[in-house]
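Below: one structure, written as structure tokens.
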Amino acid sequence: MEIQIIGPSCANCLKLEMLVMQALTELGIREARVEKITTPREMERRMTGDPPGLVINEHLVWSGGKELPTKAQIAEWVRQVTSAPA
């Protein structure tokens with residue numbers, strides 16, 4: 001599983017990264033690769049709208065807004081990806 005956090009390392013980007021790591025820990029997922037995308041060109045290529053953004057296995061699941069997704073919502077997105085047929 002590959003997860004990208006897209007944003008310029010702002011406070012919300014860092015909070016989103018923390019929430020992702022907590023969700024993965026609670027789900028017992030250790031094989032996920034978490035990457036931060038901070039360069040403007042890569043951010044534009046991977047998402048539209050305002051940062052931060054969250055990509056799971058090449059699918060943008062959330063972007064922008066003042067309200068970050070909850071840890072429970074992130075865990076649900078991860079569960080959906082891990083239970084999806086290949």
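Quick look at the numbers
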item: Protection proxy ranking of 36-44, 75-83 - average other beta-carbon atoms within 10 Å, highest first; result: 75-83, 36-44
item: Potential lengthening between Asn57 and Glu31 on full extension [0.36 nm per residue; Cα-Cα distance subtracted]; result: 8.1 nm
item: Label-point gap, in nm, between Glu44 and Gln80 - each point 7 angstrom along Cα→Cβ; result: 2.9
item: Antiparallel DSSP beta bridges within segment 5-63, as percent of all bridges there, nearest 5; result: 75
item: Residue-averaged 222 nm ellipticity for the chain, from DSSP H runs of 4+ at -39500 (n - 2.57), nearest 500; result: -13500 deg cm²/dmol
item: Ordering of 50-62, 17-29 by packing [mean C-beta count within 10 Å, highest first]; result: 50-62, 17-29
item: Solvent-accessible area, 1.4 Å probe, carbon plus sulfur percent, for the chain; result: 51
item: Electrostatic dipole magnitude of the chain [Cβ: Lys, Arg +1; Asp, Glu -1; Cα centre; debye, to 20]; result: 80
item: Principal-axis tilt of helix 11-27 within the chain, Cα atoms, nearest 10 degrees; result: 10
item: Heavy-atom surface of the chain, accessible at 1.4 Å and reported per residue (Å²); result: 63
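The values are calculated or read from the model by the stated rules, or taken from the named source; none is laboratory data. Just so you know, these numbers come straight off a predicted model, no measurement behind them. Because the Cβ atoms are built from the backbone with ideal geometry, glycine has one as well, and the counts that use them run over all protein chains shown. Note: accessible area is taken over every heavy atom of the protein model, side chains too, but ligands, DNA and RNA are not part of it. Shrake-Rupley method; radii C 1.70, N 1.55, O 1.52, S 1.80 Å.
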